[in-house]
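This report refers to the structure that appears directly beneath it.
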Amino acid sequence: MQNNPMTRSGGLRDIDFDILEKIFALLCPGGNLGALSLTCKWLREACKPYLFRCIRIGTHTPLELKYLQHLTIWPHARHLIFCGNLWAHRNAKYVDLSGVPFHKLLTWMDFLSSITIDEEWGGCVSWDHLQSLLSLPGLRHFNFQAPPYYDDDVPGCNHEPLSLPPLASLRFSIPDYRLHPRNVAGETDLMARLLQQLPSSLETLAIPLDVAPLSSMAAVEWPRLKELHLKGDHRQDMYNCPPMITVIAHMPRLRSLSLLRAHGHAQDSPRHIVWPVNETGYSLYQELERVTVSYPDPTDKIYSHMPSTLRKLSLRCWPRHYVHQHRHDRKIVEDGLGWMSPIIHSSELYTILHRCQTPKLEELEIEYQEDADDPSLLQTIPNHFPNLTVLTIIRYRGTDTSYVSVSQIALALSGLRSLRVLRIHLDFPGTPHPLSTMMPIKSYGLFKAHEELLKCSAHTLAMSLPSSLRFVCCLLRERWTNSWLPFRIIRKPGLPVNVEFDEDVTDIGDMSMLDDPGPLTDDQCPQYESFPRFEFY
(Lines give C-alpha, C1' and ligand atoms only; values in the text may rest on other atoms or scores of the structure.)
Protein backbone atom coordinates (compact mmCIF):
# COMPACT_ATOMS: atom_id res chain seq x y z
CA MET A 1 0.00 0.00 0.00
CA GLN A 2 2.92 2.33 0.57
CA ASN A 3 3.46 2.58 -3.18
CA ASN A 4 -0.16 3.38 -3.91
CA PRO A 5 -0.28 7.00 -5.14
CA MET A 6 -3.82 7.33 -3.84
CA THR A 7 -2.91 6.60 -0.20
CA ARG A 8 0.54 7.99 0.34
CA SER A 9 1.09 11.63 1.23
CA GLY A 10 1.10 13.83 -1.85
CA GLY A 11 -1.26 11.54 -3.83
CA LEU A 12 -4.21 12.63 -5.90
CA ARG A 13 -6.55 12.38 -2.89
CA ASP A 14 -4.66 15.27 -1.31
CA ILE A 15 -5.60 17.55 -4.22
CA ASP A 16 -8.62 19.76 -3.67
CA PHE A 17 -11.57 18.20 -5.51
CA ASP A 18 -12.32 21.47 -7.32
CA ILE A 19 -8.86 21.20 -8.90
CA LEU A 20 -9.48 17.56 -9.78
CA GLU A 21 -12.72 18.51 -11.50
CA LYS A 22 -10.82 20.96 -13.70
CA ILE A 23 -8.27 18.26 -14.54
CA PHE A 24 -11.07 15.84 -15.45
CA ALA A 25 -12.74 18.47 -17.63
CA LEU A 26 -9.46 19.06 -19.52
CA LEU A 27 -8.86 15.34 -20.07
CA CYS A 28 -12.40 14.49 -21.13
CA PRO A 29 -12.52 16.00 -24.68
CA GLY A 30 -9.39 14.14 -25.83
CA GLY A 31 -10.58 10.77 -24.60
CA ASN A 32 -7.79 10.52 -22.01
CA LEU A 33 -10.11 10.54 -19.02
CA GLY A 34 -11.17 6.96 -19.71
CA ALA A 35 -7.60 5.73 -19.43
CA LEU A 36 -7.12 7.62 -16.17
CA SER A 37 -10.33 6.17 -14.72
CA LEU A 38 -9.01 2.61 -15.16
CA THR A 39 -6.07 3.10 -12.79
CA CYS A 40 -8.01 2.49 -9.55
CA LYS A 41 -11.54 2.19 -8.14
CA TRP A 42 -11.45 5.54 -6.39
CA LEU A 43 -10.55 7.37 -9.58
CA ARG A 44 -13.16 5.38 -11.48
CA GLU A 45 -15.89 6.65 -9.18
CA ALA A 46 -14.49 10.18 -9.21
CA CYS A 47 -14.42 10.24 -13.04
CA LYS A 48 -17.91 8.83 -13.62
CA PRO A 49 -19.75 12.17 -13.55
CA TYR A 50 -17.52 13.33 -16.42
CA LEU A 51 -17.25 10.07 -18.34
CA PHE A 52 -21.01 9.55 -18.39
CA ARG A 53 -22.23 13.16 -18.41
CA CYS A 54 -23.29 12.64 -22.04
CA ILE A 55 -24.71 9.23 -22.98
CA ARG A 56 -25.34 8.25 -26.57
CA ILE A 57 -27.75 5.38 -27.12
CA GLY A 58 -27.42 4.06 -30.64
CA THR A 59 -28.80 0.54 -30.70
CA HIS A 60 -29.04 -1.33 -33.94
CA THR A 61 -30.36 -4.31 -31.97
CA PRO A 62 -33.30 -4.30 -29.50
CA LEU A 63 -32.60 -2.81 -26.10
CA GLU A 64 -32.68 -5.30 -23.25
CA LEU A 65 -34.12 -3.98 -19.99
CA LYS A 66 -32.19 -6.47 -17.84
CA TYR A 67 -28.93 -5.12 -19.21
CA LEU A 68 -29.85 -1.46 -18.98
CA GLN A 69 -31.26 -1.43 -15.46
CA HIS A 70 -28.08 -2.85 -13.91
CA LEU A 71 -25.84 -0.15 -15.36
CA THR A 72 -24.52 2.31 -12.76
CA ILE A 73 -23.97 5.16 -15.22
CA TRP A 74 -27.53 6.53 -15.38
CA PRO A 75 -27.42 8.80 -12.28
CA HIS A 76 -24.52 10.70 -13.87
CA ALA A 77 -26.31 11.42 -17.15
CA ARG A 78 -26.91 15.09 -17.95
CA HIS A 79 -27.23 14.84 -21.74
CA LEU A 80 -28.93 11.95 -23.54
CA ILE A 81 -28.66 11.37 -27.30
CA PHE A 82 -30.77 8.84 -29.18
CA CYS A 83 -29.36 7.85 -32.55
CA GLY A 84 -29.19 5.06 -35.05
CA ASN A 85 -31.97 2.56 -35.68
CA LEU A 86 -33.03 2.95 -32.07
CA TRP A 87 -36.44 1.36 -32.16
CA ALA A 88 -37.78 -1.07 -34.71
CA HIS A 89 -40.51 0.07 -37.06
CA ARG A 90 -43.99 -1.35 -36.62
CA ASN A 91 -45.00 0.23 -39.87
CA ALA A 92 -43.78 2.99 -42.14
CA LYS A 93 -44.66 5.75 -39.66
CA TYR A 94 -44.53 4.43 -36.12
CA VAL A 95 -41.45 3.52 -34.06
CA ASP A 96 -41.76 1.20 -31.05
CA LEU A 97 -39.52 0.59 -28.06
CA SER A 98 -39.14 -3.15 -28.66
CA GLY A 99 -40.54 -3.95 -25.24
CA VAL A 100 -38.44 -1.58 -23.14
CA PRO A 101 -40.55 0.67 -20.84
CA PHE A 102 -39.39 4.06 -22.07
CA HIS A 103 -40.65 6.01 -19.05
CA LYS A 104 -38.71 3.68 -16.75
CA LEU A 105 -35.48 4.27 -18.64
CA LEU A 106 -35.89 8.02 -18.11
CA THR A 107 -36.59 7.71 -14.37
CA TRP A 108 -33.09 6.32 -13.84
CA MET A 109 -31.58 9.67 -14.85
CA ASP A 110 -32.31 12.03 -11.99
CA PHE A 111 -30.20 14.90 -13.32
CA LEU A 112 -31.04 14.66 -17.01
CA SER A 113 -31.38 18.16 -18.47
CA SER A 114 -30.76 17.75 -22.21
CA ILE A 115 -32.19 15.33 -24.79
CA THR A 116 -31.32 15.06 -28.47
CA ILE A 117 -33.03 12.78 -30.98
CA ASP A 118 -30.53 12.53 -33.80
CA GLU A 119 -31.51 12.68 -37.46
CA GLU A 120 -29.86 9.26 -37.96
CA TRP A 121 -32.57 7.76 -35.80
CA GLY A 122 -34.97 7.11 -38.64
CA GLY A 123 -38.75 7.08 -38.30
CA CYS A 124 -40.84 9.36 -36.12
CA VAL A 125 -41.29 10.14 -32.44
CA SER A 126 -44.45 8.49 -31.17
CA TRP A 127 -46.94 10.51 -29.14
CA ASP A 128 -46.39 8.44 -25.98
CA HIS A 129 -42.63 8.78 -26.19
CA LEU A 130 -42.85 12.51 -26.84
CA GLN A 131 -45.00 12.95 -23.76
CA SER A 132 -42.51 10.97 -21.68
CA LEU A 133 -39.60 13.05 -22.91
CA LEU A 134 -41.32 16.36 -22.30
CA SER A 135 -42.62 15.42 -18.85
CA LEU A 136 -39.18 15.31 -17.22
CA PRO A 137 -39.17 18.11 -14.61
CA GLY A 138 -35.44 18.80 -14.97
CA LEU A 139 -35.42 18.96 -18.76
CA ARG A 140 -34.12 22.29 -20.06
CA HIS A 141 -32.87 21.55 -23.59
CA PHE A 142 -34.79 19.52 -26.18
CA ASN A 143 -33.52 18.91 -29.70
CA PHE A 144 -35.45 16.58 -31.97
CA GLN A 145 -34.53 15.96 -35.59
CA ALA A 146 -37.20 13.33 -36.21
CA PRO A 147 -40.80 14.43 -36.81
CA PRO A 148 -43.55 13.62 -34.31
CA TYR A 149 -45.95 10.91 -35.34
CA TYR A 150 -49.54 12.15 -35.50
CA ASP A 151 -52.55 9.95 -36.06
CA ASP A 152 -56.16 10.69 -35.28
CA ASP A 153 -56.51 7.08 -34.13
CA VAL A 154 -54.06 7.65 -31.26
CA PRO A 155 -56.06 8.72 -28.17
CA GLY A 156 -55.32 12.28 -27.07
CA CYS A 157 -52.85 12.88 -29.87
CA ASN A 158 -54.44 16.10 -31.06
CA HIS A 159 -56.22 17.26 -27.92
CA GLU A 160 -54.45 15.93 -24.84
CA PRO A 161 -52.74 18.80 -22.97
CA LEU A 162 -48.97 18.87 -22.65
CA SER A 163 -47.39 19.74 -19.31
CA LEU A 164 -43.94 21.13 -20.07
CA PRO A 165 -40.96 21.95 -17.88
CA PRO A 166 -39.50 25.45 -18.32
CA LEU A 167 -37.35 24.68 -21.36
CA ALA A 168 -34.45 27.03 -22.07
CA SER A 169 -33.88 25.80 -25.62
CA LEU A 170 -36.08 24.07 -28.16
CA ARG A 171 -34.75 22.87 -31.49
CA PHE A 172 -36.72 21.00 -34.14
CA SER A 173 -35.35 20.46 -37.61
CA ILE A 174 -36.37 18.72 -40.80
CA PRO A 175 -34.00 17.91 -43.69
CA ASP A 176 -33.31 21.00 -45.78
CA TYR A 177 -34.40 19.29 -48.97
CA ARG A 178 -37.30 17.22 -47.67
CA LEU A 179 -39.83 17.00 -50.46
CA HIS A 180 -43.51 17.71 -50.01
CA PRO A 181 -45.32 17.64 -47.76
CA ARG A 182 -42.86 19.84 -45.88
CA ASN A 183 -45.40 20.94 -43.30
CA VAL A 184 -47.57 18.23 -41.80
CA ALA A 185 -50.62 19.55 -39.96
CA GLY A 186 -49.65 17.61 -36.86
CA GLU A 187 -46.17 19.18 -36.72
CA THR A 188 -47.60 22.69 -37.01
CA ASP A 189 -50.18 21.95 -34.33
CA LEU A 190 -47.57 20.47 -32.00
CA MET A 191 -45.26 23.45 -32.40
CA ALA A 192 -48.08 25.87 -31.56
CA ARG A 193 -49.00 23.85 -28.46
CA LEU A 194 -45.37 23.72 -27.29
CA LEU A 195 -44.62 27.38 -27.83
CA GLN A 196 -47.74 28.67 -26.09
CA GLN A 197 -46.30 27.31 -22.81
CA LEU A 198 -42.70 28.45 -23.26
CA PRO A 199 -42.50 32.23 -23.93
CA SER A 200 -41.37 33.06 -20.41
CA SER A 201 -38.53 30.51 -20.26
CA LEU A 202 -37.12 30.00 -23.77
CA GLU A 203 -33.69 31.44 -24.53
CA THR A 204 -33.06 29.60 -27.82
CA LEU A 205 -35.64 28.70 -30.45
CA ALA A 206 -34.68 26.99 -33.72
CA ILE A 207 -37.54 25.57 -35.78
CA PRO A 208 -38.50 25.18 -39.45
CA LEU A 209 -40.38 28.03 -41.03
CA ASP A 210 -42.61 25.36 -42.53
CA VAL A 211 -44.25 24.74 -39.13
CA ALA A 212 -43.58 28.03 -37.30
CA PRO A 213 -46.80 29.55 -35.85
CA LEU A 214 -45.75 33.14 -36.61
CA SER A 215 -49.13 34.71 -35.85
CA SER A 216 -49.26 33.30 -32.33
CA MET A 217 -45.57 34.10 -31.80
CA ALA A 218 -46.25 37.75 -32.65
CA ALA A 219 -49.01 37.93 -30.05
CA VAL A 220 -46.88 37.25 -26.95
CA GLU A 221 -43.76 38.58 -25.23
CA TRP A 222 -40.49 36.62 -25.21
CA PRO A 223 -38.60 38.25 -22.32
CA ARG A 224 -35.66 35.78 -22.20
CA LEU A 225 -35.23 34.76 -25.84
CA LYS A 226 -31.67 35.36 -27.07
CA GLU A 227 -31.50 33.26 -30.25
CA LEU A 228 -34.14 32.86 -32.96
CA HIS A 229 -33.38 30.64 -35.96
CA LEU A 230 -36.05 30.04 -38.59
CA LYS A 231 -35.25 28.12 -41.78
CA GLY A 232 -37.33 26.52 -44.48
CA ASP A 233 -40.27 27.12 -46.79
CA HIS A 234 -43.19 29.14 -45.44
CA ARG A 235 -45.74 29.21 -48.21
CA GLN A 236 -48.52 27.88 -45.98
CA ASP A 237 -50.69 30.86 -44.97
CA MET A 238 -47.94 33.09 -46.34
CA TYR A 239 -50.27 35.98 -47.10
CA ASN A 240 -51.93 35.81 -43.67
CA CYS A 241 -48.70 35.87 -41.68
CA PRO A 242 -47.63 39.05 -39.89
CA PRO A 243 -44.39 40.78 -40.92
CA MET A 244 -41.37 39.32 -39.17
CA ILE A 245 -40.67 42.62 -37.41
CA THR A 246 -43.88 42.14 -35.40
CA VAL A 247 -42.43 38.88 -34.07
CA ILE A 248 -38.91 40.02 -33.18
CA ALA A 249 -40.15 43.30 -31.70
CA HIS A 250 -41.39 41.26 -28.72
CA MET A 251 -37.90 39.87 -28.01
CA PRO A 252 -36.02 42.56 -26.05
CA ARG A 253 -32.99 40.36 -25.26
CA LEU A 254 -32.50 38.94 -28.76
CA ARG A 255 -28.84 38.57 -29.70
CA SER A 256 -28.90 36.26 -32.71
CA LEU A 257 -31.46 36.37 -35.52
CA SER A 258 -31.36 33.97 -38.48
CA LEU A 259 -34.10 34.02 -41.12
CA LEU A 260 -33.39 31.63 -43.98
CA ARG A 261 -36.45 31.28 -46.17
CA ALA A 262 -36.51 29.53 -49.52
CA HIS A 263 -38.16 31.37 -52.39
CA GLY A 264 -41.01 29.55 -54.10
CA HIS A 265 -42.41 29.92 -57.60
CA ALA A 266 -45.71 31.28 -56.29
CA GLN A 267 -44.29 34.13 -54.21
CA ASP A 268 -45.00 37.60 -55.58
CA SER A 269 -42.02 39.43 -54.09
CA PRO A 270 -38.58 38.34 -55.36
CA ARG A 271 -37.05 39.31 -52.01
CA HIS A 272 -37.77 38.71 -48.34
CA ILE A 273 -38.73 41.75 -46.30
CA VAL A 274 -38.37 41.63 -42.54
CA TRP A 275 -39.57 45.18 -41.86
CA PRO A 276 -41.93 46.59 -44.54
CA VAL A 277 -41.89 50.33 -45.16
CA ASN A 278 -45.51 50.69 -44.01
CA GLU A 279 -44.80 49.18 -40.55
CA THR A 280 -44.02 51.83 -37.93
CA GLY A 281 -43.56 51.99 -34.19
CA TYR A 282 -40.98 49.21 -33.92
CA SER A 283 -37.27 49.10 -33.13
CA LEU A 284 -34.43 46.62 -32.92
CA TYR A 285 -33.01 46.18 -29.45
CA GLN A 286 -29.43 47.10 -28.68
CA GLU A 287 -28.36 43.59 -27.61
CA LEU A 288 -28.63 42.25 -31.16
CA GLU A 289 -25.20 41.00 -32.30
CA ARG A 290 -25.77 38.57 -35.22
CA VAL A 291 -28.21 38.82 -38.13
CA THR A 292 -28.65 36.44 -41.08
CA VAL A 293 -31.23 37.09 -43.81
CA SER A 294 -31.79 35.26 -47.08
CA TYR A 295 -32.58 37.12 -50.31
CA PRO A 296 -32.43 40.59 -48.71
CA ASP A 297 -34.52 43.43 -50.11
CA PRO A 298 -32.99 46.94 -50.52
CA THR A 299 -36.28 48.51 -49.38
CA ASP A 300 -36.30 46.60 -46.09
CA LYS A 301 -36.25 49.04 -43.16
CA ILE A 302 -34.30 46.65 -40.97
CA TYR A 303 -30.98 47.68 -42.54
CA SER A 304 -31.47 51.33 -41.60
CA HIS A 305 -32.18 50.33 -37.99
CA MET A 306 -29.34 47.90 -37.31
CA PRO A 307 -28.01 48.50 -33.79
CA SER A 308 -24.45 49.68 -33.26
CA THR A 309 -23.84 46.49 -31.25
CA LEU A 310 -24.01 44.31 -34.39
CA ARG A 311 -20.96 42.07 -34.78
CA LYS A 312 -21.97 39.69 -37.58
CA LEU A 313 -24.11 40.23 -40.69
CA SER A 314 -24.90 37.60 -43.32
CA LEU A 315 -26.82 38.48 -46.49
CA ARG A 316 -27.06 35.34 -48.57
CA CYS A 317 -29.13 32.92 -50.60
CA TRP A 318 -30.82 29.90 -49.08
CA PRO A 319 -30.19 27.38 -50.35
CA ARG A 320 -26.92 28.54 -51.84
CA HIS A 321 -27.25 29.91 -55.35
CA TYR A 322 -24.70 27.41 -56.65
CA VAL A 323 -27.18 24.54 -56.21
CA HIS A 324 -29.18 26.12 -59.04
CA GLN A 325 -26.24 26.00 -61.46
CA HIS A 326 -26.33 22.30 -62.39
CA ARG A 327 -29.19 20.20 -63.64
CA HIS A 328 -28.77 17.33 -61.17
CA ASP A 329 -29.30 19.80 -58.29
CA ARG A 330 -32.05 21.75 -60.04
CA LYS A 331 -34.13 18.60 -60.48
CA ILE A 332 -34.48 18.44 -56.70
CA VAL A 333 -34.49 22.12 -55.76
CA GLU A 334 -36.53 23.62 -58.61
CA ASP A 335 -38.51 20.72 -60.07
CA GLY A 336 -39.11 18.88 -56.81
CA LEU A 337 -39.39 21.68 -54.24
CA GLY A 338 -40.39 24.55 -56.51
CA TRP A 339 -37.66 26.82 -55.17
CA MET A 340 -36.00 29.57 -57.20
CA SER A 341 -33.03 31.80 -56.42
CA PRO A 342 -33.74 35.55 -56.81
CA ILE A 343 -30.12 36.37 -56.09
CA ILE A 344 -29.31 39.97 -55.23
CA HIS A 345 -26.99 42.01 -57.48
CA SER A 346 -24.01 44.23 -56.69
CA SER A 347 -25.96 47.48 -57.03
CA GLU A 348 -28.72 46.30 -54.66
CA LEU A 349 -26.25 44.99 -52.11
CA TYR A 350 -24.33 48.26 -52.31
CA THR A 351 -27.53 50.11 -51.32
CA ILE A 352 -28.14 47.78 -48.36
CA LEU A 353 -24.60 47.99 -46.97
CA HIS A 354 -24.58 51.79 -47.19
CA ARG A 355 -27.68 51.88 -45.01
CA CYS A 356 -26.05 49.76 -42.29
CA GLN A 357 -24.50 52.00 -39.66
CA THR A 358 -22.53 49.26 -37.92
CA PRO A 359 -18.88 50.37 -37.62
CA LYS A 360 -18.13 47.63 -35.03
CA LEU A 361 -19.03 44.83 -37.46
CA GLU A 362 -16.46 42.02 -37.26
CA GLU A 363 -17.90 39.38 -39.60
CA LEU A 364 -19.61 39.94 -42.95
CA GLU A 365 -20.97 37.38 -45.41
CA ILE A 366 -22.39 38.39 -48.79
CA GLU A 367 -23.66 36.26 -51.68
CA TYR A 368 -24.54 38.07 -54.89
CA GLN A 369 -24.22 38.32 -58.67
CA GLU A 370 -21.99 41.00 -60.11
CA ASP A 371 -23.20 43.90 -62.20
CA ALA A 372 -21.74 47.27 -63.22
CA ASP A 373 -21.56 48.47 -59.58
CA ASP A 374 -19.37 45.61 -58.42
CA PRO A 375 -16.22 47.77 -58.01
CA SER A 376 -18.16 50.26 -55.87
CA LEU A 377 -19.55 47.44 -53.73
CA LEU A 378 -16.13 45.93 -53.06
CA GLN A 379 -14.57 49.32 -52.29
CA THR A 380 -17.29 50.21 -49.81
CA ILE A 381 -16.56 47.15 -47.64
CA PRO A 382 -13.26 48.41 -46.12
CA ASN A 383 -14.59 51.97 -45.97
CA HIS A 384 -17.83 51.09 -44.22
CA PHE A 385 -16.65 48.15 -42.09
CA PRO A 386 -13.00 48.81 -41.20
CA ASN A 387 -12.96 46.40 -38.25
CA LEU A 388 -13.80 43.23 -40.15
CA THR A 389 -11.84 40.18 -39.06
CA VAL A 390 -13.79 37.59 -41.11
CA LEU A 391 -15.15 38.22 -44.62
CA THR A 392 -17.06 35.74 -46.78
CA ILE A 393 -17.72 36.67 -50.41
CA ILE A 394 -19.66 34.31 -52.65
CA ARG A 395 -19.67 36.15 -55.95
CA TYR A 396 -21.17 34.93 -59.21
CA ARG A 397 -20.27 36.28 -62.62
CA GLY A 398 -22.73 38.42 -64.51
CA THR A 399 -24.64 36.93 -67.41
CA ASP A 400 -22.26 38.27 -70.07
CA THR A 401 -19.05 38.06 -68.06
CA SER A 402 -16.38 35.46 -68.89
CA TYR A 403 -13.44 36.85 -66.90
CA VAL A 404 -12.69 37.28 -63.20
CA SER A 405 -10.02 39.81 -62.17
CA VAL A 406 -8.67 38.51 -58.87
CA SER A 407 -6.09 41.31 -58.64
CA GLN A 408 -8.77 44.02 -58.85
CA ILE A 409 -10.81 42.32 -56.14
CA ALA A 410 -7.70 42.05 -53.95
CA LEU A 411 -6.90 45.73 -54.47
CA ALA A 412 -10.44 46.78 -53.53
CA LEU A 413 -10.24 44.81 -50.26
CA SER A 414 -6.69 45.85 -49.34
CA GLY A 415 -7.93 48.43 -46.81
CA LEU A 416 -9.18 45.75 -44.40
CA ARG A 417 -6.35 46.13 -41.87
CA SER A 418 -7.80 43.75 -39.26
CA LEU A 419 -8.85 40.94 -41.61
CA ARG A 420 -7.75 37.47 -40.46
CA VAL A 421 -9.88 35.09 -42.54
CA LEU A 422 -11.16 35.55 -46.09
CA ARG A 423 -13.54 32.97 -47.54
CA ILE A 424 -14.15 33.62 -51.21
CA HIS A 425 -15.87 32.01 -54.19
CA LEU A 426 -15.42 33.73 -57.56
CA ASP A 427 -17.33 31.45 -59.96
CA PHE A 428 -14.44 30.99 -62.40
CA PRO A 429 -15.31 30.07 -65.99
CA GLY A 430 -14.63 26.43 -66.75
CA THR A 431 -15.10 25.25 -63.17
CA PRO A 432 -15.43 21.42 -63.34
CA HIS A 433 -18.82 19.87 -62.77
CA PRO A 434 -19.09 18.66 -59.13
CA LEU A 435 -19.66 15.07 -60.27
CA SER A 436 -16.92 15.03 -62.90
CA THR A 437 -14.47 13.25 -60.58
CA MET A 438 -16.69 10.18 -60.94
CA MET A 439 -15.89 10.11 -64.65
CA PRO A 440 -12.80 8.43 -66.19
CA ILE A 441 -9.30 9.45 -65.18
CA LYS A 442 -9.02 12.46 -67.52
CA SER A 443 -11.51 14.35 -65.32
CA TYR A 444 -9.05 14.29 -62.42
CA GLY A 445 -6.73 16.46 -64.47
CA LEU A 446 -9.45 19.10 -64.77
CA PHE A 447 -10.02 19.08 -61.03
CA LYS A 448 -6.30 19.32 -60.25
CA ALA A 449 -5.99 22.27 -62.63
CA HIS A 450 -8.94 23.96 -60.91
CA GLU A 451 -7.42 23.41 -57.47
CA GLU A 452 -4.20 25.00 -58.73
CA LEU A 453 -6.23 27.97 -60.00
CA LEU A 454 -7.76 28.35 -56.54
CA LYS A 455 -4.30 28.27 -54.95
CA CYS A 456 -3.03 30.95 -57.37
CA SER A 457 -6.06 33.10 -56.56
CA ALA A 458 -5.40 32.71 -52.84
CA HIS A 459 -1.79 33.77 -53.42
CA THR A 460 -2.85 36.87 -55.39
CA LEU A 461 -5.23 37.88 -52.61
CA ALA A 462 -2.63 37.23 -49.90
CA MET A 463 -0.06 39.49 -51.56
CA SER A 464 -2.43 42.49 -51.60
CA LEU A 465 -4.18 42.03 -48.29
CA PRO A 466 -2.61 43.16 -44.97
CA SER A 467 -0.27 41.12 -42.80
CA SER A 468 -3.08 40.36 -40.33
CA LEU A 469 -4.51 37.81 -42.82
CA ARG A 470 -4.01 34.19 -41.72
CA PHE A 471 -6.19 32.18 -44.13
CA VAL A 472 -7.71 32.48 -47.58
CA CYS A 473 -10.37 29.79 -48.10
CA CYS A 474 -11.70 28.96 -51.56
CA LEU A 475 -14.89 27.02 -52.24
CA LEU A 476 -14.63 23.63 -53.95
CA ARG A 477 -17.68 21.61 -54.98
CA GLU A 478 -16.80 17.96 -55.41
CA ARG A 479 -19.47 15.27 -55.69
CA TRP A 480 -21.93 15.91 -52.84
CA THR A 481 -19.55 17.93 -50.65
CA ASN A 482 -19.08 21.70 -50.64
CA SER A 483 -15.82 22.54 -48.89
CA TRP A 484 -13.75 25.59 -48.14
CA LEU A 485 -10.12 24.79 -48.99
CA PRO A 486 -8.01 26.54 -46.33
CA PHE A 487 -4.81 28.12 -47.67
CA ARG A 488 -2.56 29.21 -44.85
CA ILE A 489 -0.62 32.44 -45.41
CA ILE A 490 3.15 31.94 -44.99
CA ARG A 491 5.12 35.08 -44.19
CA LYS A 492 8.86 34.84 -43.55
CA PRO A 493 11.34 37.72 -43.21
CA GLY A 494 13.08 38.46 -46.51
CA LEU A 495 10.90 36.06 -48.51
CA PRO A 496 7.83 36.66 -50.67
CA VAL A 497 4.41 35.87 -49.29
CA ASN A 498 3.39 32.29 -49.97
CA VAL A 499 0.29 30.12 -49.41
CA GLU A 500 0.02 26.45 -48.50
CA PHE A 501 -3.05 24.24 -48.46
CA ASP A 502 -3.52 22.98 -44.89
CA GLU A 503 -5.53 19.76 -45.03
CA ASP A 504 -5.51 19.42 -41.24
CA VAL A 505 -7.66 22.52 -40.75
CA THR A 506 -11.30 21.53 -40.33
CA ASP A 507 -12.43 24.60 -38.39
CA ILE A 508 -11.22 28.15 -37.94
CA GLY A 509 -12.71 29.48 -34.73
CA ASP A 510 -16.40 28.61 -34.94
CA MET A 511 -16.35 28.36 -38.76
CA SER A 512 -16.47 24.92 -40.31
CA MET A 513 -14.62 24.25 -43.56
CA LEU A 514 -17.79 22.54 -44.78
CA ASP A 515 -20.30 24.81 -46.46
CA ASP A 516 -24.02 24.12 -46.70
CA PRO A 517 -24.81 20.63 -48.03
CA GLY A 518 -26.26 20.31 -51.50
CA PRO A 519 -29.47 18.42 -52.28
CA LEU A 520 -27.67 15.37 -53.68
CA THR A 521 -26.33 12.83 -51.17
CA ASP A 522 -23.84 10.04 -51.69
CA ASP A 523 -26.55 7.40 -52.03
CA GLN A 524 -28.33 9.46 -54.71
CA CYS A 525 -25.35 9.93 -57.04
CA PRO A 526 -25.68 8.15 -60.38
CA GLN A 527 -23.75 4.93 -60.75
CA TYR A 528 -20.65 4.85 -62.91
CA GLU A 529 -22.43 2.83 -65.59
CA SER A 530 -24.97 5.62 -66.11
CA PHE A 531 -22.41 8.39 -66.55
CA PRO A 532 -22.17 8.13 -70.33
CA ARG A 533 -25.84 9.15 -70.37
CA PHE A 534 -25.53 11.68 -67.54
CA GLU A 535 -26.12 15.31 -68.50
CA PHE A 536 -23.24 17.44 -67.17
CA TYR A 537 -24.73 20.92 -67.14
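Could you rank the peptides 39-47, 217-225 by their average count of other C-beta atoms within 10 Å per residue, with the highest value first? Please report the intermediate quantities before stating the final value.
Details: 39-47: 15.0, 217-225: 17.9.
Going from most to least packed, we get 217-225, 39-47.
Here the Karplus relation 6.51 cos²θ - 1.76 cosθ + 1.60, evaluated at θ = phi - 60°, turns the backbone of segment 361-367 into coupling constants of 4, 10, 10, 9, 10, 9, 10 Hz, with x for every Gly and Pro. With the simple model of a label 7 Å out from the Cα in the direction of the Cβ, Leu514 to Ser347 spans 4.0 nm.
Run the accessible area of segment 193-254 with a 1.4 Å probe and give the carbon-and-sulfur part as a rounded percent. Walk me through the numbers before you get to the answer.
Numbers: 1110 of 2260 Å².
Ligands and nucleic acids excluded, carbon and sulfur give 49 percent.
You can think of it this way: the chain between Met340 and Arg417 has 24.0 nm of extra reach, that is 0.36 nm per residue less the Cα-Cα gap. Amide H to amide H, with H built 1.01 Å from N, Gln369 comes under 5 Å of Ile344, His345, Ser346, Tyr396, counting only residues 5 or more places away or on other chains. Holding the Cα-Cα limit at 29 Å, pick out from Lys48/Lys104; Lys48/Lys226; Lys226/Lys331; Lys301/Lys331; Lys226/Lys301; Lys22/Lys492 the pairs that are longer than that. Long pairs (Cα-Cα over 29 Å): Lys48/Lys226; Lys226/Lys331; Lys301/Lys331; Lys22/Lys492.
Full extension of the chain segment joining Gln408 with Lys360 gains 14.7 nm, where the gain is 0.36 nm per residue of separation less the Cα-Cα distance. Distances between placed amide hydrogens fall under 5 Å for Trp318 paired with Tyr295, all partners being 5 or more residues away or on another chain.
Of the accessible area of segment 344-438, computed with a 1.4 Å probe over protein heavy atoms only, carbon and sulfur atoms account for 46 percent. Using the Karplus relation 6.51 cos²θ - 1.76 cosθ + 1.60 with θ = phi - 60°, the per-residue 3J(HN,Hα) values for segment 296-303 come to x, 10, x, 8, 5, 6, 4, 6 Hz, with x marking Gly and Pro. The stretch between Lys448 and Tyr285 holds 53.8 nm of extra length on full extension. This uses 0.36 nm per residue minus the Cα-Cα distance.
The values are calculated or read from the model by the stated rules, or taken from the named source; none is laboratory data. For clarity, every value in this text was computed on a predicted model and none was experimentally measured. Quick reminder, even Gly has a Cβ in these numbers, built from the backbone with ideal geometry, and neighbours come from all protein chains shown. Heads up: the accessible areas ignore ligands, DNA and RNA and are worked out on the full protein's heavy atoms, side chains in. Shrake-Rupley method; radii C 1.70, N 1.55, O 1.52, S 1.80 Å.
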